[in-house]
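Scroll down for the structure; my scribbles are underneath it.
The values are calculated or read from the model by the stated rules, or taken from the named source; none is laboratory data. All values reported here derive from a predicted model rather than from experimental measurement. Note: ideal-geometry Cβ built from the backbone for every residue, glycine included; neighbour counts use all protein chains shown. Heavy atoms of the whole protein, side chains included, go into the accessibility calculation; ligands, DNA and RNA do not. Shrake-Rupley method; radii C 1.70, N 1.55, O 1.52, S 1.80 Å.
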Amino acid sequence: MPRDVVALVSANDFVSAIRVYADRVNDLLRRRGIPPLEAIEILETHALALLDTVVNAPETVIDLAGWWFARAIEMTSSTRSKTAAADDEAISMLAGTESEAKVRAALTQLGEGTRSAVVLRDAYDLPPQAVGVALRRGQDSAAELTAAGRLALVEIYDGRPSPTLTGHSGRTTVDILSLSQLAEDTLGAPRTAPLRRHVANCEACEEMLETLARGRRLAAGLPIIAMDDDARESLIERIAQRAAATLP
């Protein structure tokens with residue numbers, strides 16, 4: 001076992017990541033036209049491939065979830081279905097409602113990269129670093145794509161142009177990326193308080209912040225196609241056994 005593995009990830013951490021994100025990867029596969037049983041097989045194959053990479057080339061795994069999602073996106077990129085899976089039984093405020101259909105219809109009008117950024121960050125709640133890894137981009141580049149996607153989603157959903165910062169007033173420097181990070185509470189602490197004070201006194205920035213937050217809420221309300229409980233636990237058990245045998 002490589003010494004570097006000890007410093008990077010334990011078996012418990014690895015299995016925890018698989019448990020947290022299994023249903024979300026399953027949702028991605030199912031909504032890209034992969035049948036249920038095949039999706040489970042792909043989930044396990046990619047999870048074991050991730051484990052092998054963590055053991056044999058740990059320096060190449062910047063983020064576990066990001067690596068897993070990147071593989072799922074790449075293997076379905078040429079077979080993407082434009083029709084959402086029909087057997088969605090997930091529980092959500094939007095599940096099966098006209099609002100859900102409207103949000104999904106708006107998402108389909110976004111470019112592939114922009115749509116993926118919004119879904120990964122907001123619908124699947126991946127950390128910013130994981131989104132960057134999944135999209136094969138730097139974290140800031142992925143965050144900019146997410147911000148643009150949130151604005152575009154709201155524009156299509158509401159049927160009106162996105163706000164701009166042309167009416168920005170005051171000496172505080174602002175940009176859409178910073179406001180987007182403020183909307184999701186990931187902006188660095190030194191900038192958060194001053195920017196919030198500025199937004200409270202700048203109508204243009206307040207409207208932009210509200211729109212970005214609305215885009216995040218719309219995507220976050222989408223339901224997830226979960227795996228069958230027995231299938232999930234069986235998959236996680238097999239992965240846990242392999243992880244215990246190869247990781248500290």
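In region 137-163, how many residues are β-branched (V, I, T) and open to solvent by 40 Å² or more (accessible area, probe 1.4 Å)?
So in region 137-163, the residues β-branched (V, I, T) come out as 146, 154, 156.
So of that shortlist, the ones also open to solvent by 40 Å² or more (accessible area, probe 1.4 Å) come out as 156.
Number of matching residues: 1.
Give the number of residues within region 17-60 that are of a type in the set (S, T, N, Q) and surrounded by fewer than 14 Cβ atoms within 10 Å (Cβ to Cβ).
Pass one, region 17-60, residues of a type in the set (S, T, N, Q): 26, 45, 53, 56, 60.
Right, trim to surrounded by fewer than 14 Cβ atoms within 10 Å (Cβ to Cβ) and you get 45, 56, 60.
The number of residues fulfilling the criteria is 3.
Within region 166-186, work out how many residues are surrounded by 11 or more Cβ atoms within 10 Å (Cβ to Cβ), at pLDDT 90 or above and of a type outside the set (G, A, S).
Within region 166-186, residues that are surrounded by 11 or more Cβ atoms within 10 Å (Cβ to Cβ), at pLDDT 90 or above and of a type outside the set (G, A, S) number 9.
Conditions first: (1) out of contact with any helix residue (DSSP H, G or I) (no Cβ under 8 Å at 6 or more places or on another chain); (2) surrounded by 14 or more Cβ atoms within 10 Å (Cβ to Cβ); (3) under 22 Å from A65 (Cβ atoms). P223 passes all but one, so which condition is the exception?
Among (1) out of contact with any helix residue (DSSP H, G or I) (no Cβ under 8 Å at 6 or more places or on another chain); (2) surrounded by 14 or more Cβ atoms within 10 Å (Cβ to Cβ); (3) under 22 Å from A65 (Cβ atoms), the lone unmet condition for P223 is (1).
If you go through region 166-180 one residue at a time, do you hit one that is within 24 Å of G111 (Cβ to Cβ) and among the basic types (K, R)?
No.
Could you tell me which residue of region 229-245 is farthest from E100 (Cα to Cα), considering only residues that are open to solvent by 40 Å² or more (accessible area, probe 1.4 Å) and touching a helix residue (DSSP H, G or I) at 6+ places or on another chain (Cβ under 8 Å)? Lay out the reasoning, then the answer.
As a first pass, look at region 229-245 and keep what is open to solvent by 40 Å² or more (accessible area, probe 1.4 Å): 229-230, 233-234, 237-238, 241-242, 244-245.
Narrowing the set further to residues that are touching a helix residue (DSSP H, G or I) at 6+ places or on another chain (Cβ under 8 Å) leaves 238, 242, 244.
Values: R238: 35, R242: 38, A244: 40 Å.
Among those that are open to solvent by 40 Å² or more (accessible area, probe 1.4 Å) and touching a helix residue (DSSP H, G or I) at 6+ places or on another chain (Cβ under 8 Å), it is A244.
Let me confirm something: among A204, A189, A193, which residue is under 15 Å from T164 (Cα atoms) and either among the small types (G, A, S) or at pLDDT below 95 (or both)? Full working, then the answer.
Details: A189 fails: under 15 Å from T164 (Cα atoms); A193 fails: under 15 Å from T164 (Cα atoms).
So the residue among A204, A189, A193 that is under 15 Å from T164 (Cα atoms) and either among the small types (G, A, S) or at pLDDT below 95 (or both) is A204.
Could you please let me know if A117 is touching a Ser or Thr at 6+ places or on another chain (Cβ under 8 Å), part of a helix (DSSP H, G or I), at pLDDT 95 or above and open to solvent by 30 Å² or more (accessible area, probe 1.4 Å)? Lay out the reasoning, then the answer.
On the way: touching a Ser or Thr at 6+ places or on another chain (Cβ under 8 Å): yes; part of a helix (DSSP H, G or I): yes; at pLDDT 95 or above: yes; open to solvent by 30 Å² or more (accessible area, probe 1.4 Å): no.
Here the answer is no, as A117 does not meet what is asked.
Sort out for me the helices (runs of 4 or more DSSP H) sitting completely within region 154-248 that have 3 or more residues that are polar (S, T, N, Q), over 30 Å from H46 (Cα atoms) and in contact (Cβ under 8 Å) with a residue 12 or more places away in the chain. Write out each step before concluding.
Working: elements: 176-183, 189-200, 203-220, 229-246.
Counting at least 3 such residues, we get 176-183.
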